[in-house]
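One structure below.
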Amino acid sequence: MTFVGSLWLVGAVGAVVVIQGCGSSAVDGPPEIRYGDSICIECGMIISDERFATSTIIVGDRGDEPLLFDDFNCQMIFESKQTDLTIVDRWSHDHGSLEWLHTSEAWFVRSDQLSTPMASHLALFESQASAKEFAESLDGEVIDFQTVWMLE
């Protein structure tokens with residue numbers, strides 16, 4: 001390849017990188033949270049407990065944008081105040097495994113004995129069976145997403 005051909009190739013690759021960098025992006029999965037560093041968009045507290053961290057993915061000015069919360073309570077309060085948001089997805093952690101799950105598919109345990117960052121007293125689980133087992137240990141109740149969203 002000639003010197004001019006090499007310059008052309010480098011320029012073309014560079015242009016593609018710049019164009020892709022300026023386009024909108026989609027969040028295809030759960031967001032990255034830097035525990036001990038990321039900040040809850042609602043209360044301003046540092047997100048430090050993975051068991052309770054949640055995220056709402058919204059349509060932003062430059063594509064899908066993750067909003068981070070330290071507790072389900074903050075997520076619900078923020079969304080109730082920001083009614084103009086276009087919500088793409090919601091993510092939460094399974095309290096036992098710490099794996100990300102779609103919040104709308106989660107089973108919630110509510111118990112006054114459960115200490116959470118912003119006093120939601122809620123823990124989320126992927127399976128109803130896991131939620132029931134945890135609820136029994138804390139004299140709590142098991143609630144599905146639709147019900148808990150209406151309660152708060």
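Translational diffusion coefficient of segment 21-108 (Stokes-Einstein, Kirkwood radius from Cα pairs, 10 °C, 1.306 mPa s): 120 µm²/s. Among Asp94, Asp37, sorting on how many other beta-carbon atoms sit within 10 Å of each Cβ, with the fewest leading, yields Asp37, Asp94. Relative contact order of segment 25-151: 20 percent, from C-alpha pairs under 8 Å at least 6 residues apart in sequence. As a rough footprinting exposure proxy, the listed residues Asp61, Asp139 were ranked by other beta carbons within 10 Å of their own, and the order from fewest upward is Asp61, Asp139.
Computed from the coordinates by the stated procedures, all read-outs in this text should not be read as laboratory data. In this text the structure is predicted, and so the values were computed from the model without any measurement. Here the Cβ is made from the backbone with ideal geometry for all residues, glycine too, and neighbour counts use every protein chain on show.
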